[in-house]
Structures are given as C-alpha cells and as structure tokens.
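Following: one structure in structure tokens, then a few remarks.
Throughout, read-outs are computed from the coordinates displayed, never taken from laboratory work. Worth saying up front: this structure is predicted, and the values here are computed from it rather than measured. Note that each Cβ is placed from the backbone with ideal geometry, even for glycine, and that neighbours are counted across all protein chains shown.
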Amino acid sequence: MTDMSERGAANRVLFLNTLAFTVCFAVWTLYGVLITFLVDRQILMLDKAQVGWLIGIPILSGSVLRLPIGLWTDRYGGKPVYIGVMLFSAISVFLVSFANSFEAFLLGGLAFGTAGAAFAVGIAYSSVWFPKEKQGTALGIFGVGNAGAAVTTLAAPALLAYFTNGGTDLDGWRMLPRVYALALVAMTVIFALFAVPKKVEGASDRTIVDMLQPLRDVRVWRFGLYYFLVFGAFVALAQWLVPYYLNVYGMSLALAGLMASIFSFPSGVIRALGGYISDKLGARTTMYWVLATCVLFSLMLVAPRMDIISPGEGIMAERAGVVTNVTPTTVTVDEKVYELKPRPPQDSRRMEEGTLVFPTFESWQEPAVVVGQEIKKRELVAKGVTHVYFQANVWIFTALVFLLGISMGIGKAAVYKHIPEYFPKDVGVVGGIVGVIGGLGGFFCPILFGYMLKSTGVWTTCWLFLAFIGIISLVWMHMVILKMTRGMTPPGPLDKN
C-alpha cells in the first residue's frame with residue numbers, strides 16, 4: 001500500500017471509527033433519558049437508588065468488557081470485533097422494548113451496555129493507523145464520539161414525545177429502543193462495507209499472559225484514576241443532569257435534555273482539540289490544567305439551592321422590669337421602649353428570581369416576651385431571625401457545568417495520549433483497562449449520587465464527590481512528577497513534556 005493510499009485508508013478508518021463510536025455512545029447512554037421518562041410518567045415505580053442502578057448498569061457492562069474486547073482487538077483486528085460489538089448491542093437494545101419490570105430493564109441494560117466497549121476497539125483500531133506524533137490528535141478526533149451522549153439527551157426526549165403522541169399513548173416509548181437498534185444495524189452495514197482491516201503486528205503470536213503484562217505497571221492504574229474522573233464522571237453527569245434539572249429547576253424533560261446537552265455535546269467535540277493540545281503541550285502539562293480546573297469548577301458547584309431560616313441578632317433587656325406593651329415592632333419594659341427590626345414583605349427575595357447570583361440575607365426581630373412578664377437584666381426580649389436564600393442561578397450553574405465538561409473533554413484526550421507513548425504494542429490492553437476504570441466511574445457515580453441524594457436530600461453532593469476525586473488525582477500526579485524530577489523514578493517517554 002502506497003503512502004497516499006495508506007493515509008487515505010487511515011483517515012477513512014478514523015472517520016468510520018468515530019461515527020460508529022458516536023452511535024454506540026448514544027445507545028450506551030440511552031437509559032439516562034428513557035428511565036427518567038418512565039419514572040416521571042409513573043410507568044416504572046422506582047426510588048432514587050433504583051434509578052441510579054438502571055442508569056449505571058449499561059455503563060458497568062460496557063466498562064468491564066473493555067479489557068477482553070481490547071485484547072481481542074489487538075489479536076484479531078478492529079474491524080471484525082467492532083462489527084460483533086455493534087450487532088450484539090443492536091439485538092440487546094431491541095429486546096429492551098419488551099421490558100416491563102425493574103429486573104427486565106436491568107438485564108436489558110446489562111446486555112446493550114456492550115456498546116460502551118466499542119471505545120476499546122476504536123482506540124486500538126485507530127492508533128494502529130497513525131504515527132506517535134499524530135496519535136494524540138487522532139485519538140482525540142475518535143473521542144468526539146462521546147458527543148453521542150448529547151445526541152441522546154437532545155433527540156431521545158423529542159422522539160419519546162413523538163412516539164407517545166405527546167404523552168397520550170405512553171406505551172409508544174417502546175419504539176425508542178427499536179429505533180436505536182436500527183441505527184446500530186445500519187452503522188454495522190456501513191462499517192462492514194467500507195472499513196479496512198488492520199491489527200498490531202505480531203499480536204497473534206503473543207499469549208494472553210504476555211499481553212496482560214503491562215497491567216502490573218502502577219502507571220496504568222494512575223491513568224485509570226484520571227479517566228475515572230474525566231470520562232466516568234462525564235458519562236455519569238451526561239445522564240444525571242437530566243433528573244438534576246428536572247428536580248432542582250423544575251424543567252420539562254425536553255428542556256432538561258437540552259440543558260444537559262450543553263454539558264455533554266461540547267465535552268465530546270472538544271476532545272479533538274484536547275488531543276491536539278496534548279500533542280503540542282504534552283500530556284502531563286495538559287493534565288495539570290485539567291485536574292485543577294475540574295476541582296475548581298466542582299467546588300464552585302457545591303453550594304446548593306437553599307432557603308434557610310437561622311437565629312439572628314436579638315435584643316436583650318438593659319435592666320430588669322415588667323413588660324407593659326408588645327407590638328410587632330416594639331417591646332416596652334416599664335418605660336423603656338425597644339425598637340424591633342420589622343420583617344420584610346413576604347417573599348421579597350423572589351421578586352428577583354432568575355437574576356440573583358449571590359446568596360441574599362434578610363434579618364428581622366420578633367418579640368420573645370408577653371405583656372406582664374417579669375424579665376431580668378440581659379434577658380432576651382426579642383429574638384433575631386435571619387433568612388438566607390440562594391437561588392443557584394440556573395444560567396451560572398449551566399455555564400460552570402459547561403466549563404467542567406470542556407475540562408473533562410480535554411482531559412479524556414490527554415489521558416489517552418499517554419497510552420501509545422508508554423505502551424505502543426499494548427494499546428488495546430492498556431486502553432482497555434484504563435477504559436474499564438473510567439467506565440466504572442460512569443457506573444458507580446450515578447449509584448453513589450443516588451445514595452448520597454437519598455441520605456442527605458441535597459443534590460449538590462455529587463459535585464463534592466467529584467472535587468474529592470479530582471484532588472486525589474492531582475496530588476498523586478504531582479507526587480509522581482516530583483519523584484521523576486528528583487531521579488527516583490526512571491523517566492518515561494513523556495517526561496520531556
């Protein structure tokens with residue numbers, strides 16, 4: 001094959017990989033919208049934890065299967081493995097249309113979650129076509145397929161509204177998984193016709209034990225933790241933000257899906273730029289910025305929407321005496337009149353709903369005594385009340401979520417920039433296990449979010465958890481880099497960055 005034809009084949013495969021991954025990713029995140037719709041319309045009666053399980057179960061199977069499917073890709077090549085993954089996922093998601101119970105949806109999600117393992121195929125299949133200096137950009141372009149999550153959050157609510165005739169024929173929801181199955185079958189046919197087969201040279205001669213040797217390297221697991229945050233949390237939030245907007249901001253399902261796509265779509269598309277940045281600046285420098293900004297934005301999102309009544313500044317008697325008069329604005333003790341701060345008009349804070357940025361504080365005082373009561377010096381005659389109201393402005397919230405998604409999108413590319421550099425002959429295996437760990441983040445995060453919400457009643461606990469993971473990742477990376485610079489760890493191929 002000539003250089004020109006080789007480049008043409010490489011670009012064609014990268015395009016097909018990216019398109020197929022977009023379709024697979026849209027299928028993989030289907031439950032984020034579908035389960036929310038079914039619960040919201042009371043077709044399924046589930047608690048928050050069960051919703052978290054159903055949203056997370058496809059993520060689990062797609063994550064766990066990334067390692068074996070990555071091995072198969074290294075051994076047999078990307079084309080046949082990709083075709084097998086898509087066909088199995090198409091059959092599985094079609095069968096979801098017949099589900100009627102929590103258990104049936106659980107099994108269906110477990111099966112069609114295989115679509116998420118397409119990532120391990122695409123990473124190995126794409127990297128084998130490009131030289132090292134272009135792999136960051138190539139894998140970043142492939143990662144644009146993450147935008148499939150936005151396709152689902154945007155299109156699925158509209159399709160559900162259409163298939164259910166605006167909610168008058170609720171059983172019409174069953175058409176949605178069938179449409180997704182048809183899209184997978186169509187993508188499989190296109191892929192089979194136009195993809196060019198290629199695999200890692202010599203992979204067929206290696207044993208499974210040899211292929212798994214890189215997993216003994218602690219570096220692989222550190223990359224996995226980064227990916228748990230930038231990819232796993234991305235997958236979780238792409239689905240979790242739909243019920244988040246529904247419950248916290250009282251939006252419709254369609255509008256909540258649109259708002260969630262503001263997070264998921266740019267985060268997927270920006271991954272291509274993240275690959276380019278990683279090629280130019282180095283994966284390490286890029287990851288420093290990514291982890292730091294993820295922590296910053298997560299912490300800024302922690303403050304919940306709140307309406308709090310708290311004790312405020314009261315008034316104490318200057319001397320002993322008897323209460324002779326009490327009104328809403330004064331308390332008279334003998335001849336001494338104490339002026340009380342009046343209560344503001346009811347709900348005055350809500351007059352600016354939609355424009356408030358910072359918390360608002362309102363204070364007033366209420367009588368704490370009655371006429372005829374004897375009081376002592378320094379005894380409370382009026383109690384203080386403070387009202388704290390924080391709107392958590394939806395547009396500022398969405399802007400911060402958007403910026404967090406951008407950071408995660410760049411981070412996803414930066415993590416996978418490391419892999420072909422450190423492990424050029426084991427991209428499928430290492431990429432598979434890193435993908436497993438990242439995907440497990442997509443599985444566990446919705447479940448953890450559900451349990452934290454159930455135990456605290458506060459939706460913003462999810463951001464506190466993500467900030468915690470980000471801090472651990474940043475500290476671990478910094479400690480490793482310090483050891484490298486002090487000569488305590490052998491340098492790697494990225495240390496020049």
Checklist entry - Computed over the Cα atoms, what is the radius of gyration of the stretch 72-133 divided by 2.2 N^0.38 Å, N being its residue count? => result 1.40
Checklist outcome for this item: Checking rank on 62-69, 283-290, 325-332, with mean other Cβ inside 10 Å and highest first, the result is 62-69, 283-290, 325-332
Next on the checklist: Largest first, please: the extent of the C-alpha atoms of the stretch 306-390 along each principal axis, to the nearest Å.
Outcome noted: 48, 19, 15
Checklist entry - Once the Cβ-Cβ distance between A254 and S101 is put in as r, and R0 is 25 Å, what FRET efficiency do you end up with, to the nearest 0.05? => result 0.40
Next on the checklist: If you take every residue apart from G439 with its C-beta less than 14 Å away from the C-beta of G439, what net charge results, scoring Lys and Arg +1 and Asp and Glu -1?
Outcome noted: +2
Checklist outcome for this item: In Å, the C-alpha Rg and Dmax of the stretch 233-392 are 26.3, 81
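State which entries of K198/K412; K79/K280; K132/K198; K48/K412; K134/K412 exceed 22 angstrom in Cα-Cα distance in the structure shown.
K198/K412; K79/K280; K48/K412
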Next on the checklist: So, R0 is 22 Å and r is the distance between the beta-carbons of K134 and K483; what FRET efficiency does that work out to, to 0.05?
Outcome noted: 0.15
Checklist entry - For F191, what is the net charge nearby, where nearby means another residue's Cβ is under 12 Å from its Cβ and Lys, Arg count +1, Asp, Glu -1? => result +2
Next on the checklist: Treating only the Cβ of Lys, Arg, Asp and Glu as charged (+1, +1, -1, -1), what charge dipole size does the stretch 306-390 show about its Cα centre? Round to the nearest 20 debye.
Outcome noted: 240 debye
Checklist entry - How would you rank 132-144, 386-398, 403-415, 89-101, highest first, on the average number of other Cβ atoms within 10 Å across their residues? => result 403-415, 132-144, 89-101, 386-398
Next on the checklist: Between the stretch 230-297 and the stretch 69-97, what is the separation of their alpha carbon centroids in Å?
Outcome noted: 26 Å
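One quarter of the convex hull surface, Cα atoms only: what value does that give for the stretch 341-473 in nm²? Write out the running numbers ahead of the final one.
Numbers: hull surface 54.9 nm².
Answer in nm², one decimal: 13.7.
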Checklist entry - Stretch Y451-E374 to full length: gain in nm at 0.36 nm per residue minus the Cα-Cα span? => result 22.6 nm
Checklist entry - For the stretch 376-428, with only Lys/Arg (+1) and Asp/Glu (-1) charged at the beta-carbon, what is the dipole magnitude about the Cα centre, in debye rounded to 20? => result 560 debye
Checklist entry - Relative contact order for the chain using alpha-carbon pairs under 8 Å, separation at least 6, rounded to a whole percent? => result 25 percent
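If each DSSP helix of 4+ residues adds -39,500 (n - 2.57) and the sum is divided by the residues in the chain, what number results at 222 nm, nearest 500 deg cm²/dmol?
Numbers: 19 runs with 313 residues, N = 497.
Estimated from H runs of four or more residues: -21000 deg cm²/dmol.
Roughly how many debye, to the nearest 20, is the charge dipole of the chain about its Cα centre, given +1 on each Lys and Arg Cβ, -1 on each Asp and Glu Cβ, and no other charges?
Using Cβ point charges on Lys, Arg, Asp and Glu, the chain gives about 1260 debye.
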Checklist outcome for this item: Quick P(r) readout (the stretch 8-66; Cα-Cα; 10 Å bins; whole %) gives 20, 36, 25, 13, 6, 0
Item to check | Cβ-derived FRET efficiency at R0 22 Å, T386 paired with M316, nearest 0.05 | outcome: 0.80
Item to check | Helix 78-96 axis, angle to the chain major axis (alpha carbon atoms, nearest 10°) | outcome: 50 degrees
